[in-house]
Each structure stands twice: as structure tokens, then as C-alpha cells.
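J.: Let me give you the structure first, and then I'll get to my questions.
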Amino acid sequence: MSNNKEKLFSEFQVPTTQEWLDKIGVDLKGADFNKRLVWRTNEGFNVQPFYRREDVLKLKTPEALPGEFPFVRGNHKDTNAWYVRQNIMADDAAAANAKALDILNKGIDSLGFRIPGDMVSAEFIDTLLNNILCDIVEVNFSTCPKHTLELVEILKAYFEKKGYDKERIVGSVSFDPIVKILMKGKDVTPVLEVAPRLVEALKDYPNFRCIAVDSDALNNSGAYIVQELGYALAWGNEYLQLLTDAGVEPDLAAKKIKFNMGVSENYFMELAKFRAARLLWAQIVKQYEPKCDCACKMVVNATTSTYNQTLFDSYVNLLRSQTEAMSASLAGIHSMVVTPFDVPYEQPNDFSERIARNQQLLLKEECHFGQVVDPGAGSYYIEHLTNQLAQEAWKIFLQVEEDGGFLEAAKQGKVQDVINATNAKRHADAGKRKEFILGTNQFPNFTEKSEGKTARTACGKCCAGEEGPFKAIQATRLAADFEDLRIHTENTKVPVAFMLTIGNLAMRQARAQFSCNFLACAGYKVVDNLGFKTVEEGVDAALEAGADIVVICSSDDEYAEYAIPAFNYLNGRAMFVVAGAPACMEDLKAAGIENFIHVRCDVLQTLREYNDKLGI
């Protein structure tokens, strides 16, 4: 073996950043670098097209170690394992118990029980937890905030009756009255006084948490990533301040808080979000001067989003939730729930729940994501995103603190206003296809029917009928507007849209494909064609096919020749649409043509107008 220790690639000179930029400038051929290649994120910062080592040398995050303060690289030194969790609606103790025992044999090691407040009792818990080994399986519970303390006392008695080692009980009871203010506008401030008593009741259970920050509600309402992160930190700090003001030691208070966060489809950004969250939360807790840095660890249960799920082409939801699950698992979370793909329109069935479980098991057992600590560490891009998200989220956190804290901001409706505005903007962007929803506003399945599927409404059993004094977040899935339009079309009248393709082969095909995708978003039946020699031939074929809409598809130059003759020959027997925004548009409008579809259209608004014109 040669003793030559020559460094590989030493003959190559390392290009500088400026040399890279110069080369990119040549390839762009004069185009603006910032407009073409720099991404302006919804989170308020720019993302460059490339990063180099020099970009992260000034950052502190790469210096951190796994399992050590500030925990940006995870809470553990030698593992990235997480609990695979499934939530169960426990309105029938025996049925919920049977389901829990069944799924524990199918890969689940964390259970989440949602118990109606009026069913909380010792007998109910005995039945619910029968044959479930709570010192081996993570157990989580949620109920009406008014009944949470009662539930905690019952659980304590149950654990003691079973003789469990208190240190081996891992899980949580979710107590988060503030989420009721945000989502329902209800005044639950009197219930907040229960928080210190909950912590005191569970002080001997070091791994069982009881104060929740349910920021996944913001995620499912359309919040941008940095908004969920910033508000979650302020939310958690509100509870931390409440507990310490009540005399709870900072270490105990921090160790009783659990974050339930959502995961959206932005793969790298979500991965960086959880890293930034741990970094910032550790800094916040540190200000309370805990005796041990271990109190600064952020424990997160991640749940894949419902906001971007769709009723139509619902199997695409599997692609969305899989990338979301990858982001969360690689980021180092405590536990995760993968939302079944059919949640938008039905109570999940055995098949969809099995697929959701297997999505996590695939990552954990086959991809071995649980064995590598902080896989994103050292990536220039991910380190940059972590740092930028931390900076922008910190601005939100400081603003909330200036406004008097998270509770006060929620009571004044400031948080709700921000999230509602973001939701409205995202719906408007989806309508214009600035935000893509695969299978809904982009590349819809032309032949799919709803088959009776309708959007599910949120359960309102808890505190139902009460009207709150505060503003509430109006949560609507991003695809809801298109789905409502499509179902209405399907239930009223499905018009036929006929592509009159003529002239330049490449342009007519491209515009026909664009028009088919555009009109199918409303559930229209689209008929594409190979091409016609004359506009009269195309119009005759359209009428023979029973067309309600005739879309002429050609090149910009040829519209001056074909569009007006086709419009005149059609003579009002069907709606006439031009695919594109040609230079001769004003001349076409002067001739009476009023319908044009192109990339700058508001797709949703245009389709609503077409439905009105067609009497749908």
C-alpha cells in the first residue's frame, strides 16, 4: 500500500463565492439574479440559490452538540428515536380499549385518548386502560379543561393501584385553555388557575407532562411556519410565567410543558423549524434560572397538517403527509401522529389508519431515521434556515411580549387577526395558483367524482352552544373553495368544455393542456383534440359534442386570424373562450370576445364567473 497521503482533489482550486456569482451571471445572460434565483419566503427572509462554508462559520448552531444545551441538535446524544402515536376518540371506554390493544400489536407505542369531559370517572379509566401496560407504552390524555384535574387525580390513583414505577410513566395530560380562546373565542381564563395544581399533582412523575401548547391548531388554520413557531414560544412562555408566578419551581414548571406542533409541506423549512424551536425555547427557559439545563429541553409531539389535505384526489394526501413525517422525524421530535389521508371527508377507517401507522414505521424501521442524530446538522442550507427562522420567530415572540404576553394578545384578538389574515391570503393565492394544491387547483383528475363525499366539520361537543366574547380563528382547509365549487358543479350541471385546437402545433397543444387543467378545477368535462384545419370544422365538431364552452387554442400571432371568425361562426351557441392573453386582445374584445384564460387569471374567481354565465 502506498504511503502517499496526498489530499484528494488538491490539484483543483477552490472557487470563491464571487467566481460562482460571476459564472451564474454569465448563465443568466443578463437576467436579474435576485428575481430569477433568490426565493423570498413567506417567513420574511430571502433564500439564496447556494450556500458555502463561509455562510455558516459565523453561526452558533453548528457548534452545538446533540443532547446538550441549547438542544438545537436534539434532546438525545445517541438516538433519534421517537414514539409512533395514534390518537383515539374515547367516547366508549371498552371500544377505545379494544382499539388500543389492537394497534399496539401493529407498531404503535404511543396512545392518545380524547375523553369527553362528562365521561371522566375512575370506572371509565379502569375500562379504558385495561391490559395496557402504562409503564411500557406512552399514554396521553385530553379532555375538557374543566375536568383535567379530576382526570389527573384518577390517573394517579390508577397508576398507584397498579404499582407502576413513577419514573417509567411517560406521556401527558393535555391542559391548554388558551387554545379555546384562539379557536372558539371562549373566555376560559378562570380555568387557568388549575395549572399550578396540575403541576403539583404530577410533580412525582418526572416524565409525565400536563401543560400543553397546542400550536398545531395554528398550523391547521393556515399559519406560516414562522408564525406557528413564534406564537408557540410566546404561548409556552405564558404558561411558564403563570406557573412560576404561582410559586412553582422553574425546573418543575418547564418539565411539565409539552408542545403539540403541526408539520406543513415545506420539507426543509419544517425540519429547520423544530431545530430553531428547541434553540429558542432553551434560551427562554434559561432566563428563569433553572437548576439544571435538562429543564430547557423542548418536548414536541408533531402532527401532520390537515390544512393542505384535499377531498378530491385524496391519495395525494399520502404524499403530503409522508414528506411532513420525514421533516419531523429528521428534526428530532419526541412523538408523532400522521393524519390519515381520508380525514377531510370521513371518519378514518381501518385502512387509512393502517397506512398512517405504516408511514411512520417505514421511516423508523426501514429507513432507520431513528438511528441517526440530527441528520441535517452541518448542511449549510439547513443551518441557514434554522438561524433565519429563529431570528424571525424571535421578532414575533418579542412583539407578543411587548403586547402584554400571549394571553393578553389572544384576548385582544391580535393573534387571531394575524392567522385569519394569513389564511385569507393563502386562499387568495390558491385561487390564483400562486400556491399549488396538486389534484385540486393544479392537475386535477378529470374524471373523478365526489361520489357523495363532503367536507367534515369539526367536532363541537366540548363547550358546545357557548358563545365567546373574544375573536376566533376561522380555520378552513386551503382546498375548500375549489372543492365547494366542484361539488356544486357536479350536483347542478357538468358543462362540456371543447378544445378547438388549430394552427401552430406546439402552442395549440400546450394551451389545450393548460385549458383542460384550468377548467377541470371546477369539475367541467373537458374534451381535447388533435387539431382542426378550419375554425368552422372545429366549431361544428364542438356543437356535435354538445359543448357548452368552446376554447380556441392556438398561438398569439394566429389568434388575430382565427379567433374572430370562430367567435362569429359560433354565434352565441356556446360560451367562447380564448386560451391566452395575446397582443391582439383589445381587438378581440372590440369584436365581442370577453373570455380569456391565462396564467395571470384568478382561477377560482374566473370559474365562479363561468358558472354564473352558464346558469350553474
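The values are calculated or read from the model by the stated rules, or taken from the named source; none is laboratory data. Remember, it's a predicted structure, so these values are computed and weren't measured experimentally. FYI the Cβ positions are ideal-geometry reconstructions off the backbone, even for glycines, and counts take in every protein chain you see. Surface accessibility is based on the protein's heavy atoms, side chains included, excluding ligands, DNA and RNA. Shrake-Rupley method; radii C 1.70, N 1.55, O 1.52, S 1.80 Å.
J.: Restricting to the range 204-223, name every residue that is closer than 21 Å to residue 159 by Cα, in a loop (DSSP other than H, G, I, E, B) and in contact with a Gly (Cβ under 8 Å, 6 or more places away or on another chain).
T.: 207
J.: Conditions first: (1) of a type in the set (Lys, Arg); (2) touching a Phe, Trp or Tyr at 6+ places or on another chain (Cβ under 8 Å); (3) surrounded by fewer than 24 Cβ atoms within 10 Å (Cβ to Cβ). Residue 320 passes all but one, so which condition is the exception?
T.: The failed condition is (2).
J.: Filter the range 366-382 for residues that are open to solvent by 60 Å² or more (accessible area, probe 1.4 Å), free of Cβ contacts under 8 Å to residues at least 60 places away in the same chain and farther than 21 Å from residue 320 by Cβ and give the result.
T.: 368 - this is the single residue of the range 366-382 that is open to solvent by 60 Å² or more (accessible area, probe 1.4 Å), free of Cβ contacts under 8 Å to residues at least 60 places away in the same chain and farther than 21 Å from residue 320 by Cβ.
J.: Hey, another quick one. Does the range 235-248 hold any residues that are open to solvent by 10 Å² or more (accessible area, probe 1.4 Å) and either among the polar types (S, T, N, Q) or within 35 Å of the chain's Cα centre (by Cα) (or both), and which are they? Before you say what the answer is, go through the steps one by one.
T.: The initial filter retains those residues of the range 235-248 that are open to solvent by 10 Å² or more (accessible area, probe 1.4 Å), namely 237-238, 241-242, 244-248.
Once the filter is applied, which keeps residues that are open to solvent by 10 Å² or more (accessible area, probe 1.4 Å) and either among the polar types (S, T, N, Q) or within 35 Å of the chain's Cα centre (by Cα) (or both), the range 235-248 yields 237, 238, 241, 242, 244, 245, 248.
J.: Do the conditions hold for residue 310, that is, is it of a type in the set (Val, Ile, Thr), assigned to a helix (DSSP H, G or I) and over 30 Å from residue 210 (Cβ atoms)?
T.: No.
J.: On to the next question. Of all residues in the range 223-248, count the ones that are without any contact (Cβ under 8 Å) to a residue 40 or more places away in the chain and either under 22 Å from residue 171 (Cα atoms) or touching a His at 6+ places or on another chain (Cβ under 6 Å) (or both).
T.: Final tally of qualifying residues: 0.
J.: Looking at this structure, is residue 114 surrounded by 17 or more Cβ atoms within 10 Å (Cβ to Cβ), out of contact with any Leu (no Cβ under 7 Å at 6 or more places or on another chain) and either within 23 Å of residue 149 (Cα to Cα) or touching a residue at least 40 places away in the same chain (Cβ under 8 Å) (or both)?
T.: Considered against the rule, which asks whether it is surrounded by 17 or more Cβ atoms within 10 Å (Cβ to Cβ), out of contact with any Leu (no Cβ under 7 Å at 6 or more places or on another chain) and either within 23 Å of residue 149 (Cα to Cα) or touching a residue at least 40 places away in the same chain (Cβ under 8 Å) (or both), residue 114 comes out as yes.
J.: Which one of 528, 557 is over 17 Å from residue 446 (Cβ atoms), open to solvent by 50 Å² or more (accessible area, probe 1.4 Å) and modelled with pLDDT of 95 or more?
T.: Working: 528 fails: over 17 Å from residue 446 (Cβ atoms).
Matching residue, one of 528, 557: 557.
J.: I would also like to ask the following. Name the helices (runs of 4 or more DSSP H) wholly within the range 503-589 that hold at least 3 residues that are touching a Ser or Thr at 6+ places or on another chain (Cβ under 8 Å) and not acidic (Asp, Glu)?
T.: Values: elements: 505-520, 535-544, 556-570.
Where helices (runs of 4 or more DSSP H) fall fully within the range 503-589 and carry at least 3 residues being touching a Ser or Thr at 6+ places or on another chain (Cβ under 8 Å) and not acidic (Asp, Glu), they are 505-520.
J.: So the check is Cβ under 6 Å with 6+ separation or different chains; which pairs have a first residue in the range 59-71 that's under 10 Å from residue 387 (Cα atoms) and a second one that's modelled with pLDDT of 95 or more and open to solvent by less than 80 Å² (accessible area, probe 1.4 Å)?
T.: If the second residue must be modelled with pLDDT of 95 or more and open to solvent by less than 80 Å² (accessible area, probe 1.4 Å), the pairs left are 59/383; 59/387; 61/72; 61/383; 61/386.
J.: Among helices (runs of 4 or more DSSP H) lying entirely in the range 342-425, which contain 1 or more residues that are closer than 30 Å to residue 105 by Cβ and over 18 Å from the mean Cα position of the chain (by Cα)?
T.: Hits in the range 342-425: 350-361.
J.: (1) in contact with a helix residue (DSSP H, G or I) (Cβ under 9 Å, 6 or more places away or on another chain); (2) over 24 Å from residue 312 (Cα atoms); (3) surrounded by fewer than 17 Cβ atoms within 10 Å (Cβ to Cβ): which one isn't true of residue 541, the others all being true?
T.: (1)
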